[in-house]
Structures are given as C-alpha cells and as structure tokens.
Number of protein chains: 2
Amino acid sequence: MVSGRIRIGIAGYGNLGRGVESAVAASADMTLVGVFTRRDPAALVPQRPDTAVFGWDALAGYEDEIDVLILCGGSKSDLPQQGPELAARFNTVDSFDTHARIPEYFAAVDAPARNAGRTALISTGWDPGLFSINRVYGEAILPVGETYTFWGRGVSQGHSDAVRRVPGVAAAVQYTLPSEVAMAKVRGGSRPELTTREKHTRECFVVLDTGADADVVREAIVTMPDYFDQYDTVVHFVDADTLARDHGGMPHGGFVIRSGSTGTGNVQTVEYSLALGSNPEFTASVLVAYARAVYRLNADGRIGAHTVYDVAPGLLSPKSPEQLRAELL
Amino acid sequence: MVSGRIRIGIAGYGNLGRGVESAVAASADMTLVGVFTRRDPAALVPQRPDTAVFGWDALAGYEDEIDVLILCGGSKSDLPQQGPELAARFNTVDSFDTHARIPEYFAAVDAPARNAGRTALISTGWDPGLFSINRVYGEAILPVGETYTFWGRGVSQGHSDAVRRVPGVAAAVQYTLPSEVAMAKVRGGSRPELTTREKHTRECFVVLDTGADADVVREAIVTMPDYFDQYDTVVHFVDADTLARDHGGMPHGGFVIRSGSTGTGNVQTVEYSLALGSNPEFTASVLVAYARAVYRLNADGRIGAHTVYDVAPGLLSPKSPEQLRAELL
C-alpha cells in the first residue's frame, strides 16, 4: 500500500464515477488506482489528467491492488449483475437504490462476499443512505411519532425522461418540489396524514418541437399515469438556450422529519435536510466516506454484506476515535 | 429476564430520571426495574404509580437484575464519581456533557468497565450525542467545508441561574436564541466566520424583588462577564404569574449545519435540527435508545467505554436488521 493510503478503484464512469474521482482527490488518506470502464478506455478522457483509465477486463489483475472498489453503475441493470460478481473479488461500496429489491440484493451480495472474506456495503448515498439512517434514529429515539420524507427541490431524471418521451417535446427538465404547506403542518407537530398530491408538486421546463401545440403537450404531461396524474404539475415552455443556461445542473435534496411526543405530550421534532448543488457529486462523497468504513470493517474481520445501519459513525471519519472524542463530541 | 425484555435501572431521579421513566414505558422491549435515589425512597413519589423506588445502597443487590443502568446525575459532581464506580458493576449509559473533560472521563470509565466485562456508553443525549454524530457525518462526507452548531431557542439552566443570582432578581428564565441572520448566511454557502455575538442572542424574563431598580438589574445582567457580556441580551421584566404561566417549560433545540463544496465548486448543505418541547424528556429518550444498543454491545462482547461514534445506527432500533433493511432503508 503506497504510503498507507486506502487504494480506491472506480467501476463505471458516468456522473457518479466522476463524482467519486473528485471526492477521492479531496480525501488525504486515499489514493485512486484508476477508473475501470466498459467503454473503450483509450476514448475516455477523465476529469483529472492523472487518473488512470483501464478496460473492464483489467479488473481481473487488480484484486490485490485495490482496497475498496466503488461500483458506480445503475441500479436497474448494472448493479444486480456486477454487485454479486465483484463482491466475490473486491471489497465494494454501491448505491443500489431500488428500495423494494434491497433484501434480495443484500442476499445476492452477502453470500459471495462472505465466501471470499470480502466486505460489501450496499445501498448507500442519501436515499437510501443518510435519509435511511435518520429514519432509524428518529423512530428509535421517539417511538411515539411519525416519520415524513420529502424530496426536492431537485431534478428527477426518471420524470425528466418521461417528459422527453411526450410527442412534441424537444427537451425537458423536471423538478420535484416538497410542499411548504405540508412541511409546515409536520413541523407544527400535528402529525398529519398526507396524500401524495399534498406532499410534493412537480414543475417541468419544456422546449417544444417546431410546430408542436403547447396545450396538447401540457395536457399529455399533467395526465401521464403514475408519473404526473397524482400530482399538481406546472409546465413552463422555454427556449433551448434558457433550458441549457438555467436548468443544466443536477441539484436535489430533501427532508426527513420525525415528529414525536414524549412524557405527557411534549412535542419533539427532529429534522434532517439536504440542499445539494450536485446530486451525483454528493452521492459520490457519501460512497467515498463509506469506502473508508468498508476498509476498516474488512480489516476488523467483518465480512459479508452490510448497510449503513451496520456502520458506526466514527468509522467514516479519517480521524482516530481519540481525536473524535476530543474534537467533535 | 422477564419475557425477554431489557431490564433498565434509573440512578438518580431529577428531570432526566423522570424522562427516562417515561421513555422506558414507551419502549415495548424494555421493563423498568426501578429508580435508585440518594434521597429517602419512602418520601419519593414517582410519576408512574407502578415504578419501584429504592435507596441508593440497594443497587448493591441488583447487579444481576439490571441489564443496563441509566445514570441520571449531573456532570459537575455526580457523574465524575458515579460513572467509574457504577461502570465496574453495571452496563451503563450517561449524559456526561462537560465537553472539555470527555477524554479524561472516558478513560476513568473505560478501565473499570473493561475489568468487569461491562459496557459503558458515555456522553450521549443531543449535544454531546446526536449533534456530535452529525458533526462527524458532515465532516467525513464533505471534507471541504465548515461545520456550524447553533443552539436554541431554548432555556439555559446555567444562564438562568446566573440571572437569579443578580441582586434585585426574584425569579428569572433565560433563553438562548440562534441568530436567523447568521444561519441564513451559513445556509447560503458563503461559509462565514462568525463571532460569538453574531451567532446567538440571549433573552431574559425577570421578576424583580419589591423595590428593585429595573435599570440597575438590566445593566448588571447584560454586562455579566462570560455569561452575557459577549452577547446582545434583551431583558424583559414580567410579574411572577406571567413567568410561571409562559416560561415554565424546558424547551430547547438547535442546528448543526455542514456547508461544503464538491467537484468544481458545487455547494452542498447538510442540516440537522431539533425543536424540543422538553429538553430533559428528549435527552432521556436518547439515553434509552442507547441503553438498547449497550445491551446488544455487551451481549456481543464489546466491553469498556464507548461513545455514540462507536455505535452503529441499527443497534438503537428494536427492529431486526432484516426488518430495517426491508422497511426503512
């Protein structure tokens, strides 16, 4: 190990992989072995000139050179295959975020990791991830209460894609917005029951194809089943330059609020929120902090699949337990 | 163990002990063995009629009857003596909150706990405790950034006591208020350097002794060294009935904000906040959740002193790891 630093590999180089590249560079106790891509490595230009780029098959020679491999593929088709396969050969961290399939994915990663003496941390990032942690702390500390999760204001890729598929739409970005009214009710301690429509609204910025009818496009968007029909949706028509200039970022965020009561009815409110200038860069920063924890868990003999629920907060920090107690407790 | 429930003891019965009594009652997986008091147990009337009350010396017979003893004494004189002594005989949880002396207290508790095969969780609550956890998560995930802690709006017992000692003051309550202006700057991502005066203000509600001069009292308060001279302080004079009616509660709260940046300068903000109707009841609820974790840590052979940094979030929940992954991740 070069100068005692944790050696990180990046498997997959989209927005998340680029975020991991930046976050590793910002971590003095880590070094980046390189990016492994299924594309032609010669054609890939990394953000940082000193980043090494390898073909996917080259991973086969790096089992002893990488302390933690960060899987930056998608949850739909990449991770279900790559997660179990790579957990048999590397310590891994991933952001598998299909909530309903997490138990199945956990089992699929756990067995190969355990057999190989490797440690895999699945489903981290901010939701699942930091929001999940806050849901558990809130419920454990205030057992009498309700937990509310709100998302936004942020760009939803899935909903933006859905709008782009509407006939007459040349380009589009969709924002999910939490309802200020609903959040105020929750913060007030009344523990309201909230419908889907009451919790979030949706806002679309759309560039029309030449000759497309704005009213027809708007109607097609706001009535789209599952994606929009259960929400109040506002559609703005803009030109291509405005979309590129004002809506090219990937902001996101959200809120986890636990509203509970203790004793003879004292209202207690715990709120966790994120306001993210870049969703993929923040998610990547969470993955990198958990890579540090995975390295330590594996060194401690804690093999198999884990989630954020299994990781003590101190393991994420480059500081020693003594430092943490003296400086941050 | 009665029906598999975790058997809790309460050492000390002030506001915090009463909060623990309520929080244990709200936890289906716990049962309260009783309250142990240095006062005359016959003279102590517990909140809940079924709570058993014992003298302090009776603790000597309960080493095998109590799974976790929650220490509800104060940090100034009680815990420095009780913490090490009781950690040699029980698994313990405490809220030792003299930040500067935590390393020393940790060492004093660690040795006896370790020798006895017991587990002690020190310095939990909300600050130190939940706020500490959020300081570590924030710094580990966003290494380029600054962490800001604001307290309030809430009653400070230390400052209220200081006001009560001013000649001419019959009764008083002091609130610490976070500055909205300072918080807005922090949330804006500019990472300001903030002075003590800029971060918090202080507000006092004072009942005067008969014949006392309001201006003299106000001046004595706002110029009091350390307690008030570095802050902007507002003093309100009220009658005794108003003080009792409007200022008899123990609200508190605060904010931990990590303002960081990633990549090429995207601003990322993580905010954790508490709005507490009852400070002691909330602190007690945190202690009780950590008692669950201590019980599990000890069963797992993890002995000696620990802090919140050493405790994985899932250990606080009565739910199994499988349930947590399926329901809350």
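Every read-out reported here was derived from the displayed coordinates using simple, explicitly stated rules and does not represent laboratory data. Note that this is a predicted model, so its numbers are computed, not measured. Glycine also receives a Cβ, built like all others from the backbone with ideal geometry; neighbour counts cover every protein chain displayed.
Within 10 Å of each residue's Cβ, count the other Cβ atoms and sort A:Tyr148, B:Tyr175 from fewest upward.
B:Tyr175, A:Tyr148
Enter the Cα centre distance for the pair the stretch B:117-186 and the stretch B:253-329, rounded to the nearest angstrom.
Each part's Cα centre sits 17 Å from the other's.
Say each of B:Asn15 and B:Glu193 gets a label point 7 Å from the Cα, pointing the same way as Cα to Cβ; how far apart are those two points in nm?
3.6
Could you work out the mean count of beta carbons from other protein chains within 10 Å of each residue's beta carbon in A:276-282?
6
What is the antiparallel percent of DSSP beta bridges lying wholly in the stretch B:154-250, to the nearest 5?
65
Can you list the HN-Hα couplings for the stretch B:56-71, worked out from phi with the Karplus curve (6.51, -1.76, 1.60; θ = phi - 60°), rounded to whole Hz and with x for Gly and Pro?
4, 5, 5, 3, 4, x, 10, 4, 9, 9, 10, 7, 9, 9, 9, 8
Under 5 Å between amide hydrogens, which residues at least 5 positions from A:Gly74 or on another chain qualify, with H placed 1.01 Å from N in the peptide plane?
Those qualifying (amide H under 5 Å, at least 5 residues apart or on another chain) are A:Leu79.
Quick check on chain A: of the DSSP beta bridges with both residues there, what percent are antiparallel, nearest 5%?
Of all bridge pairs located within chain A, approximately 55 percent are antiparallel.
Rounded to the nearest 0.05, what FRET efficiency do B:Asp50 and A:Arg48 have when you use their Cβ-Cβ distance and R0 = 41 Å?
The calculated FRET efficiency here is 0.05.
At 7 angstrom along the Cα-to-beta-carbon line, where would the label on A:Asp161 sit relative to the other copies? Give the distances in nm, shortest first.
Reported distances to equivalent positions: 6.0 nm.
Calculated from DSSP H runs of 4 or more alone, at -39500 (n - 2.57) each and per residue, what is the 222 nm mean residue ellipticity of chain B, nearest 500?
-10000 deg cm²/dmol
Calculate, for A:Ala58 and B:Arg39, the FRET efficiency according to 1/(1 + (r/R0)^6) with r their C-beta to C-beta distance and R0 60 Å; round to the nearest 0.05.
For R0 = 60 Å, the calculated efficiency reads 0.25.
Going by how many other Cβ atoms sit within 10 Å of their own, how do B:Thr124, B:Thr149, A:Thr264, B:Thr37 line up, fewest first?
Sorted ascending by nearby Cβ count, the order is A:Thr264, B:Thr149, B:Thr37, B:Thr124.
Mind checking the dipole of chain A: about its Cα centre, +1 per Lys or Arg Cβ, -1 per Asp or Glu Cβ, Debye to the nearest 20?
In total the dipole reaches around 700 debye.
Would you please give the residues with an amide H less than 5 Å from that of B:Thr31, counting only those at least 5 places away or on a separate chain, with H modeled from the backbone geometry?
B:Ile6, B:Arg7, B:Ile8
Would you grab the residues whose amide H sits under 5 Å from the one on B:Gly304? Only those 5+ places off in sequence or on another chain, please, with H modelled 1.01 Å from N.
It is B:Arg114, B:Arg118, B:Thr119, B:Ala120, by chain and number.
Show me, for the stretch A:95-111, the HN-Hα J-couplings you get by feeding each phi into the Karplus relation (A = 6.51, B = -1.76, C = 1.60, θ = phi - 60°), rounded to Hz, glycine and proline as x.
In residue order, the calculated couplings are 10, 3, 10, 7, 3, 5, 9, 4, x, 5, 5, 4, 5, 5, 8, 4, 4 Hz.
Can you tell me how chain A classifies by the Cα gyration tensor, rounded, prolate or oblate, using a/c under 1.5 as the rounded cut?
Taking the square roots of the gyration eigenvalues as a ≥ b ≥ c, chain A is oblate.
Could you point to the residue in A:Phe90, A:Ala60, A:Gly129 farthest towards the positive end of the stretch A:34-140's charge dipole, with +1 and -1 charges on the Cβ of Lys/Arg and Asp/Glu respectively?
A:Gly129
Could you give, in nm with one decimal, how far A:Asp213 is from each other copy of that position, shortest first, with labels 7 Å out from Cα toward Cβ?
Ordered by increasing distance: 8.4 nm.
Cβ neighbours within 10 Å, averaged per peptide: list A:75-84, A:312-321, A:47-56 in order, most packed at the top.
By packing density, highest mean first, the sequence is A:312-321, A:75-84, A:47-56.
Return the sequence-ordered ³J(HN,Hα) values of the stretch B:197-210 in whole Hz as given by the Karplus equation 6.51 cos²θ - 1.76 cosθ + 1.60 applied to θ = phi - 60°, using x for Gly and Pro.
5, 6, 7, 9, 10, 10, 9, 10, 10, 10, 9, 7, 5, 4
Looking at B:Ser273, B:Val217, B:Gly260, which one has the Cα that reaches farthest to the positive end of the dipole of chain B (charges on Cβ: Lys, Arg +1; Asp, Glu -1)?
It is B:Gly260.
Would you work out which of A:Ala326, B:Gly189, B:Ser179 lies farthest towards the positive end of the dipole of the protein assembly as shown? Charges go on Cβ: Lys and Arg +1, Asp and Glu -1.
Going by the Cα projections, it comes out as A:Ala326.
So how do A:His252, A:His247 line up by other beta-carbon neighbours within 10 Å, fewest first?
Ascending Cβ contact count within 10 Å gives the list A:His247, A:His252.
Provide an ascending nm list, one decimal, of label-point separations from B:Thr98 to the equivalent residue in each further copy; define each label point as 7 Å from Cα along Cα→Cβ.
5.6
Give, as a single signed number, the net charge of other residues whose beta carbon lies under 15 Å from the beta carbon of A:Pro178, with Lys and Arg counted +1 and Asp and Glu -1.
-1
Need one number: % antiparallel among DSSP beta bridges in the stretch B:224-319, to the nearest 5.
If we restrict to bridges inside the stretch B:224-319, about 90 percent are antiparallel.
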